[in-house]
Amino acid sequence: MFAPVGRAVRRTPFTASLVGVFLIASLATGALWDPIVRRSWYTGIAYGLPSFLDGQWWTLITGTFFSQLPIHYALNLVGLIVAVGWAERRFGSFRAFGIFAGGQVAAVIGTVFFLLAARSFDSDWASQLTSQYDVGPSGGVFACLAAVLVTLRAPWRLRLRFALFAIVTVALIYIGTMADIEHFIGVTVVMLAAPFVQPRGTRAGRPSTREWRILAFASLVILAVVETVGSLLPSNDPTTSSAAGTGTWVDVAIDVVVIALIANGVRLGHRLPWVFGVILGVFNVLEFVGLALYAVLAVDFPPSLFEALLNSSLWIAVLVILWAGRGAYRVPWRRSRRVVRQTTDARKTPLAILTADGGGTLSWMTMWNENQYFVTADGESFVAYQRRSGVALALGDPIGPAEKLGETIAEWVAECERIGLAPCFFSVSDATLAVAPEGWTHLQVAEDTIIDLPTLEMTGKKWQAIRSALNRAEREKITFRMTVLADEPWEIVSQVRAISEEWVGDKALPEMGFTLGGVDEALDPHVKTALALDESGTVQGLLSWLPVFGADDTVRGWTLDLMRRRDDGSFRPVIEYLIAASALHFQAEGALFVSLSGAPLAHAAGYEASGIDAVLDSLGKVLEPLYGFQSLHNFKTKFNPRYERMSLLYRDEGDLPKIALALTRAFLPHESLLGIAKMGLQR
């Protein structure tokens with residue numbers, strides 16, 4: 001039972017020692033259950049401006065290990081364990097001690113100097129704080145939290161640091177206790193020292209187009225929330241709610257609506273809302289400057305002036321963010337103009353690029369009609385994608401010269417963000433992951449099952465079931481024919497369509513798309529179709545094989561797509577027979593491999609999922625009765641393939657909800673979400 005605690009203590013000795021001293025001090029003095037502020041000796045251990053004016057410098061240390069109220073102990077303990085412990089795991093014990101101690105000292109000393117300066121103004125708020133005492137380690141805790149956020153990967157590093165800074169800033173302005181000043185100073189000091197805190201090799205980088213939009217949107221939302229809360233909590237005391245009572249409900253409602261419209265516009269990257277936001281920001285900043293000059297020159301700082309300054313001060317940060325990211329707001333206002341720009345001097349069509357440079361096992365799917373194309377400026381590479389629910393879903397790896405893969409991705413991503421689309425790549429190989437933009441993440445969505453043909457020998461016990469299917473076909477006089485379906489007579493094509501329609505009619509879901517083709521895709525003259533025919537010429541089953549091009553218009557492999565068998569057919573192992581016979585046929589032609597494709601949300605035995613992968617793994621199990629992903633994957637193991645992971649590459653976890661919606665639309669383009677839900681319940 002105590003083993004996990006022992007491991008935690010060994011891994012984070014400084015945090016454990018800090019928590020231990022904190023608890024011992026609270027138990028020894030009874031402060032854990034009786035507020036320490038009631039004790040006569042409280043002013044002798046608490047820090048604050050009066051303590052330092054009296055020369056009680058030791059309070060900087062003693063005050064760190066107490067809390068004013070019993071409830072504060074719970075909050076501080078959580079902060080010490082989470083923030084300081086996290087920092088110790090990231091930086092080590094010695095550096096974590098330095099960050100905590102330095103942050104605590106800077107927070108307390110900085111607050112003292114701030115209050116010394118504030119005494120010169122005629123402010124009731126400052127006058128009250130200059131006579132108060134405080135205790136607690138929260139200044140160091142917030143410093144550790146700010147430091148550890150520097151170590152996160154982009155873009156969460158920027159987003160969470162912005163959120164933390166926004167929290168301490170709003171708390172300082174609209175709550176304004178001594179602890180809020182300490183938190184603000186502790187966080188600010190660490191953020192200014194971020195270049196010295198972040199691990200070696202970590203590049204700060206510049207916010208992307210999307211990040212500027214998110215920061216501006218978040219800033220404006222915070223502004224609207226603060227103004228609304230200020231009107232809900234009216235008070236004449238600026239120490240409890242500085243914004244309270246500063247305007248009527250009508251004024252607040254108008255302001256919130258205007259800010260909300262601007263915020264939504266900048267989130268989408270439109271120029272006009274950005275212009276309105278800048279104009280409002282400039283107006284409020286000018287108001288702030290004028291009021292500040294009056295306060296300094298007149299040496300007059302009444303509460304009403306204090307409130308007005310606070311309301312205008314937040315706009316300074318908003319204006320800085322809007323102006324610094326001004327290049328991010330160029331998305332056309334009209335939807336008809338929000339299209340991916342194409343190069344005007346493309347020397348090759350997407351098909352010519354594919355046949356010249358080759359592609360992965362899904363590359364032929366990029367030729368299907370539902371796809372759109374982004375061709376790079378040099379005309380040498382392209383990305384096939386579908387536009388669904390505000391997401392640009394790229395299908396497979398970009399096609400083009402391998403040495404330009406990273407450039408192609410960067411160019412396409414920049415174009416998507418220019419018009420306000422969320423870019424992602426579905427079912428990409430490790431080669432694409434290796435050159436992904438910095439800060440992007442990925443998760444495995446399937447495993448490609450590949451049979452290497454040069455070494456293929458269907459011998460041994462593990463191939464027994466496949467050999468049985470081949471032998472049975474010979475006994476029952478089932479013949480194999482590899483053909484181009486478009487060249488077959490009407491009688492064969494009509495049978496193929498009937499078998500496919502019968503298969504679709506028996507399923508809870510309609511025929512799917514995106515990476516799953518149908519008979520129309522099989523009729524392409526580049527695609528080969530494997531047929532199993534009985535003695536009467538009746539089609540018992542069929543497979544369609546998509547070409548996988550190598551360089552110089554050569555086909556180096558084939559990918560399985562359409563897979564159908566007659567429900568009332570007499571030859572049950574027809575699919576096993578067709579796959580085995582096709583592999584032998586392509587082997588004789590000199591192909592290097594056949595891919596049996598990947599089953600989404602399915603994995604080979606022994607795969608250990610974690611994080612979001614674990615969630616998707618659980619989702620796959622839930623959907624198994626409806627889709628049969630894992631059953632299909634297990635069926636393919638009969639052919640003893642090797643596995644290559646297929647991943648979803650995306651900017652960050654914030655995009656996942658709309659990517660999930662976009663994928664649903666791509667796979668089921670003609671079905672509503674309500675219809676999908678009903679079919680699932682009827683299953």
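Suppose we keep only residues that are of a type in the set (A, V, I, L, M) and in contact with a helix residue (DSSP H, G or I) (Cβ under 6 Å, 6 or more places away or on another chain) within segment 414-449. Which one would you say is farthest from Arg651 (Cα to Cα)?
Across segment 414-449, the extreme among qualifying residues is Val435.
Does segment 531-553 hold any residues that are part of a strand (DSSP E or B), more than 18 Å from Thr361 (Cα to Cα) and not polar (S, T, N, Q), and which are they?
The answer is Leu531, Ala532, Leu533, Val539, Gly541, Leu542.
Working carefully through the options Leu578, Leu516, find the one that is touching a strand residue (DSSP E or B) at 6+ places or on another chain (Cβ under 7 Å) and surrounded by 14 or more Cβ atoms within 10 Å (Cβ to Cβ).
Leu578
Hey, among the residues in segment 66-115 that are part of a helix (DSSP H, G or I) and of a type in the set (Phe, Trp, Tyr), which one's surrounded by the fewest Cβ atoms within 10 Å (Cβ to Cβ)?
Per the stated criteria, the residue is Phe94.
Which members of segment 261-272 meet the condition of being under 12 Å from Arg330 (Cβ atoms) and of a type outside the set (Lys, Arg)?
Within segment 261-272, Val266, Leu268, Gly269, His270, Leu272 meet the criteria.
Could you list, in sequence order, the residues of segment 256-293 that are in contact with a strand residue (DSSP E or B) (Cβ under 8 Å, 6 or more places away or on another chain) and closer than 21 Å to Val226 by Cα?
Once the filter is applied, which keeps residues that are in contact with a strand residue (DSSP E or B) (Cβ under 8 Å, 6 or more places away or on another chain) and closer than 21 Å to Val226 by Cα, segment 256-293 yields nothing.
Which count do you get for residues in segment 137-167 that are surrounded by 21 or more Cβ atoms within 10 Å (Cβ to Cβ), more than 19 Å from the chain's Cα centre (by Cα) and of a type outside the set (Phe, Trp, Tyr)?
11
Keeping to segment 520-551, report how many residues are of a type in the set (Lys, Arg) and modelled with pLDDT under 90.
0
Consider segment 424-465. How many of its residues are of a type in the set (D, E, K, R) and free of Cβ contacts under 8 Å to residues at least 40 places away in the same chain?
Counting residues in segment 424-465 that are of a type in the set (D, E, K, R) and free of Cβ contacts under 8 Å to residues at least 40 places away in the same chain gives 2.
Being closer than 27 Å to Leu663 by Cβ, surrounded by 13 or more Cβ atoms within 10 Å (Cβ to Cβ) and either in contact with a strand residue (DSSP E or B) (Cβ under 8 Å, 6 or more places away or on another chain) or of a type in the set (D, E, K, R) (or both): is that true of Glu521 here?
yes
Keeping to segment 470-501, report how many residues are outside any helix (DSSP H, G or I), surrounded by 15 or more Cβ atoms within 10 Å (Cβ to Cβ) and basic (Lys, Arg).
Final tally of qualifying residues: 1.
Kindly indicate whether Leu145 is at pLDDT 90 or above and either part of a loop (DSSP other than H, G, I, E, B) or within 26 Å of Glu438 (Cα to Cα) (or both).
Taking the combined requirement at face value, the residue satisfies it.
I want to confirm something. Restricting to segment 80-103 and keeping residues that are under 21 Å from Ser67 (Cβ atoms) and aromatic (Phe, Trp, Tyr), which single residue is nearest to the chain's Cα centre (by Cα)?
Top of the filtered list is Trp86.
Given the options Leu648, Leu668, name the one that is crowded, with 17+ Cβ neighbours inside 10 Å, modelled with pLDDT of 90 or more and over 20 Å from Ile466 (Cα atoms).
Leu648
The values are calculated or read from the model by the stated rules, or taken from the named source; none is laboratory data. Every value quoted in this text rests on a predicted model; they were computed, and no experiment measured them. Cβ atoms come from the backbone with ideal geometry, glycine included; neighbour counts cover every protein chain shown.
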